[in-house]
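Down below is the structure, laid out as structure tokens.
The values are calculated or read from the model by the stated rules, or taken from the named source; none is laboratory data. It should be emphasised that the depicted structure is a prediction, and the values quoted were computed from it without experimental measurement. Here the Cβ is made from the backbone with ideal geometry for all residues, glycine too, and neighbour counts use every protein chain on show.
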Amino acid sequence: MKRIFRVTMIIGTWVASFSAHAQLYQAQNGEVSFFSKTPLENIDAVSKSVNSIMNVATNEIAVQMRITSFVFPNKLMQEHFNENYLESEKFPMASFKGKIKEAVDLKKAGTYPVTAAGTATIHGVTKPIEIKGTIVSDGTQLQLSSQFDVRLQDYQIDIPKIVFAKIAEVIEVKSKIQFTQKK
């Protein structure tokens, strides 16, 4: 619980540090899904309660989600995911904090290929990462979609040898986040 409070406070402080004239966009129901493909079994899950904030004046972005928000088609998989692999009681949140590298004017309508460079924290491990995606702007709303890979070993997520053939070493992650301008 203390960890959740700290993460919330860090993101809150980061958001509060934006200048008064900043163009803030927020999302509270973004979607992140992942897919693990092996010859023995495919595993997929989705979370539809991802929070994010973007400052279009500085191109900064932060994304945060609760690990237990992932829903699996099979409840036993969901239980193993939370208890054995991601240890969601010990590491309840995943996050990304970074900056879009391209100089884009997201206040103008258009479709923009972007790359965000920053850090991802998963399973208590923080690593640098670059995520390629696309932002579609209509001038007042933004839709961000991205796809990237997560190597389980990089985040110290151990897979027991008995099920190693059923879980991919590299997981495909996709996101779709709809932002609205914060008033």
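Could you tell me which of the residues GLU130, GLU169, GLU102 is more than 19 Å from ILE61 (Cβ to Cβ) and acidic (Asp, Glu)? Write out each step before concluding.
On the way: GLU130 fails: more than 19 Å from ILE61 (Cβ to Cβ); GLU102 fails: more than 19 Å from ILE61 (Cβ to Cβ).
So the residue among GLU130, GLU169, GLU102 that is more than 19 Å from ILE61 (Cβ to Cβ) and acidic (Asp, Glu) is GLU169.
LYS132 - would you say it is surrounded by 16 or more Cβ atoms within 10 Å (Cβ to Cβ) and under 16 Å from the mean Cα position of the chain (by Cα)?
Details: surrounded by 16 or more Cβ atoms within 10 Å (Cβ to Cβ): no; under 16 Å from the mean Cα position of the chain (by Cα): yes.
When the stated conditions are applied, LYS132 does not pass them.
Return the only residue of SER52, SER88 being small (Gly, Ala, Ser) and surrounded by fewer than 19 Cβ atoms within 10 Å (Cβ to Cβ).
Values: SER52 fails: surrounded by fewer than 19 Cβ atoms within 10 Å (Cβ to Cβ).
From the options SER52, SER88, the qualifying one is SER88.
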Completion exercise
GLU79 passes all but one of the listed conditions (1) surrounded by 12 or more Cβ atoms within 10 Å (Cβ to Cβ); (2) at negative phi; (3) without any contact (Cβ under 8 Å) to a residue 40 or more places away in the chain; (4) not hydrophobic (A, V, I, L, M, F, W, C); the exception is number (1)
Handout entry: Within segment 82-140, considering residues that are outside any loop (DSSP other than H, G, I, E, B), more than 17 Å from ASP154 (Cβ to Cβ) and out of contact with any Ser or Thr (no Cβ under 9 Å at 6 or more places or on another chain), the one modelled with the lowest pLDDT
Key = ASN84
Exercise for the section: Please specify each residue of segment 36-49 satisfying the condition of being modelled with pLDDT of 85 or more, among the aliphatic types (A, V, I, L, M) and either surrounded by fewer than 18 Cβ atoms within 10 Å (Cβ to Cβ) or on the phi > 0 side of the Ramachandran plot (or both). Expected result: VAL46
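Restricting to segment 96-120, name every residue that is buried (at least 17 other Cβ atoms within 10 Å of the Cβ) and among the hydrophobic types (A, V, I, L, M, F, W, C). If you could, list the steps in order and put the result at the bottom.
As a first pass, look at segment 96-120 and keep what is buried (at least 17 other Cβ atoms within 10 Å of the Cβ): 96-98, 100, 106, 112, 114, 116, 118, 120.
Hits for segment 96-120 are PHE96, ILE100, LEU106, VAL114, ALA116, ALA120.
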Practice task
Quickly run through segment 58-67 and pick out the residues that are surrounded by 15 or more Cβ atoms within 10 Å (Cβ to Cβ) and within 25 Å of GLN141 (Cα to Cα).
Solution key: ASN59, GLU60, ILE61, ALA62, VAL63, GLN64, MET65, ARG66
Exercise for the section: With the checklist (1) at pLDDT below 95; (2) surrounded by 15 or more Cβ atoms within 10 Å (Cβ to Cβ); (3) part of a strand (DSSP E or B) in hand, flag the one item ILE157 doesn't pass. Expected result: (3)
Handout entry: Set ASP138, ASP149, ASP105: member being acidic (Asp, Glu) and within 12 Å of the chain's Cα centre (by Cα)
Key = ASP149
Practice task
Check HIS123 against each of (1) surrounded by 13 or more Cβ atoms within 10 Å (Cβ to Cβ); (2) under 23 Å from GLN181 (Cα atoms) and name the one condition it does not meet.
Solution key: (2)
